[in-house]
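In what follows, a structure is listed as structure tokens, so that the remarks can point back to it.
The values are calculated or read from the model by the stated rules, or taken from the named source; none is laboratory data. None of the values given here were measured: they were computed from a predicted structure. For neighbour counting, all protein chains shown are included, and Cβ atoms are generated from backbone atoms with ideal geometry for every residue, glycine included.
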């Protein structure tokens, strides 16, 4: 049984319980041979014959043509022994033995449902076809669910391990290290060089320091990279590590692109909606699932505040949220000095997120990303902003568009020729700010002033809709809002429904959970018990498919609300897993005395 502790993309760090063993995933199985045993630090072994070694062992099962019958739950079944081009050839063999299945093609997936873990057959062949590798992972995840441990052999190196784990591989082996050591290749996280050209004195690993054989160094390099991958998973930074590894090999880049561009729906479902700082330094950051999801929500869930008539486009700032930065405080002062500030809608233009309405500046990842600020825009970034801006203005009509921008101004002017440019030299200069106020006066002075407090109601509706979809509008319908951003209470008829906080999301009360439950949104169905603490997966019966890790959810039994809290797993994981926390509970119904 698998219990997730941290995640990144399809990758996850967790504990896999096997009888009385607790194995940390992701895991490297080190090849153990009679002539050369596995290193002392190995946590798991890949063996041809079982040994007296007390460590976890998986024994290979041969092929259909030379089978090795299983005698232990961790003995693999024989594989087909055919290349991937013949993966779906009908061969009368058992796909599953004990706890494991060996999957060569889609025809093996039905039988594999009874296994606890899956080995993808013909691992080395995937190096020639990254598209097939991604397709194989997708087929396993969709058909067998997230609770299965997924392994592949003959493929892992220090330079591609982060990408393999990001793509959803839980278990790898060291056989590639053994083969490349025989070839005289010296492995590092940046790739390989012939051992004759390697500076082993500069390596610093214990194997090189002790003058041990090349194989000892290569095994160390793979293990060290696994520890680094686990560490990045814990801190929510696996994607950043994977992006750093893209330069190591075209294969790495191809895998991430296939996942981002063709399997967005698969990866996004496992991607949290809240998190820590996001480092978006690479061009591939533009297609990160978190970023694409945010841009899609702006298009699909967002509508401008109805009372706003003037759109002001502003540059981003290094400090988040933007409103706490010195530059944006000056922008805000200039806007407040205009004839009708409540008629002005502020939207920030930035890469890699495109357009960020002011009311969503704390919404993840808008309030958490970090980029190098140089004023230079790539063609991809310019195209992204142009596309987003045109779509935004097609869906949201304004009387006037004011572009108070620096380096972004030519991009915006090309997309919106009628935009009024107000910057002279730099956006924060006194002259530019004076021009901004003057342009807003001209755009708003002849219109009816917006009623005080109306904009907060409209903006809170936008936050609720971006958070919960249309069900969010039901949550705030007829509500009043007390407090000041970032601490605003949502109240209806004297009852608090939710609280907007600095994390940029609405935190539900039990009353707010009732509304979402009636709307059939973000619900978790549990067995018939009254929660006394957090909800664990073993007690979950079903869950709404739109739930992502980090979402606010309502916990219920047969439409009776029993708790509200924050999802730790997505909807399918809550149902498939039997261990681990599913919902971190905030409020529970009172237990009868």
Residues being at pLDDT 70 or above and over 37 Å from the mean Cα position of the chain (by Cα) - total across segment 63-75
5
Looking at residue 362, is it more than 25 Å from residue 439 (Cα to Cα) and within 27 Å of the chain's Cα centre (by Cα)?
yes
Which numbered condition in (1) in contact (Cβ under 8 Å) with a residue 24 or more places away in the chain; (2) assigned to a helix (DSSP H, G or I); (3) touching a helix residue (DSSP H, G or I) at 6+ places or on another chain (Cβ under 8 Å) is the only one that residue 223 fails?
(3)
Go through (1) under 31 Å from the mean Cα position of the chain (by Cα); (2) on the phi < 0 side of the Ramachandran plot; (3) in a loop (DSSP other than H, G, I, E, B) and name the single condition residue 461 misses.
(3)
In segment 471-494, what residues are crowded, with 19+ Cβ neighbours inside 10 Å and closer than 21 Å to residue 518 by Cα?
471, 472, 475, 476, 479, 490
Here the residues within segment 277-301 that are in contact with a helix residue (DSSP H, G or I) (Cβ under 6 Å, 6 or more places away or on another chain) and farther than 21 Å from residue 382 by Cβ are 279, 289, 293, 297, 301
Could you look through segment 424-443, keep only residues that are over 14 Å from residue 327 (Cα atoms) and in contact with a strand residue (DSSP E or B) (Cβ under 9 Å, 6 or more places away or on another chain), and pick out the one that is surrounded by the fewest Cβ atoms within 10 Å (Cβ to Cβ)?
442
Starting from residues that are in contact with a helix residue (DSSP H, G or I) (Cβ under 6 Å, 6 or more places away or on another chain) and in a helix (DSSP H, G or I), keep the ones in segment 113-126 and report whichever is nearest to residue 12 (Cα to Cα).
126
Could you please find all residues in segment 119-136 being crowded, with 17+ Cβ neighbours inside 10 Å and under 25 Å from the mean Cα position of the chain (by Cα)?
119, 120, 126, 130, 133, 134, 136
For the list (1) in contact (Cβ under 8 Å) with a residue 12 or more places away in the chain; (2) surrounded by fewer than 18 Cβ atoms within 10 Å (Cβ to Cβ); (3) not in a loop (DSSP other than H, G, I, E, B), I need the number of the one condition that residue 383 fails.
(1)
Residue that is assigned to a helix (DSSP H, G or I), touching a strand residue (DSSP E or B) at 6+ places or on another chain (Cβ under 6 Å) and in contact (Cβ under 8 Å) with a residue 12 or more places away in the chain, where the choices are 233, 246, 241
233
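Residues checked against (1) modelled with pLDDT of 95 or more; (2) closer than 22 Å to residue 76 by Cβ; (3) part of a loop (DSSP other than H, G, I, E, B); (4) touching a helix residue (DSSP H, G or I) at 6+ places or on another chain (Cβ under 8 Å):
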| site | (1), (2), (3), (4) |
| --- | --- |
| 13 | yes, no, no, yes |
| 22 | no, yes, no, no |
| 29 | yes, yes, no, no |
| 42 | yes, yes, yes, yes |
| 45 | yes, yes, no, no |
| 54 | no, yes, yes, no |
For segment 97-107, does any single residue satisfy the condition of being under 30 Å from residue 268 (Cα atoms), at pLDDT below 85, more than 29 Å from the chain's Cα centre (by Cα) and not in a loop (DSSP other than H, G, I, E, B)?
yes
Among the candidates 162, 198, which residue alone is in contact (Cβ under 8 Å) with a residue 12 or more places away in the chain and under 27 Å from residue 105 (Cα atoms)?
162
Quick one: which strands (runs of 3 or more DSSP E) lie wholly within segment 154-215 and hold at least 3 residues that are in contact with a strand residue (DSSP E or B) (Cβ under 8 Å, 6 or more places away or on another chain), assigned by TED's automatic domain parsing to the domain that holds residue 248 and buried (at least 23 other Cβ atoms within 10 Å of the Cβ)?
171-173
Which condition number does residue 451 fail, the rest of (1) assigned to a loop (DSSP other than H, G, I, E, B); (2) modelled with pLDDT of 95 or more being met?
(2)
State whether one or more residues within segment 287-304 are under 25 Å from residue 24 (Cα atoms), assigned to a helix (DSSP H, G or I) and in contact with a strand residue (DSSP E or B) (Cβ under 6 Å, 6 or more places away or on another chain).
no
Quick one: which residue in 341, 305, 357 is in the same structural domain as residue 431 (by TED's automatic domain parsing) and modelled with pLDDT under 95?
341
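Conditions tested, residue by residue: (1) in contact (Cβ under 8 Å) with a residue 12 or more places away in the chain; (2) in a strand (DSSP E or B); (3) buried (at least 22 other Cβ atoms within 10 Å of the Cβ).
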position	(1), (2), (3)
306	yes, no, no
312	yes, yes, yes
320	yes, no, no
327	yes, no, no
331	yes, no, yes
334	yes, no, yes
339	yes, no, no
346	yes, yes, yes
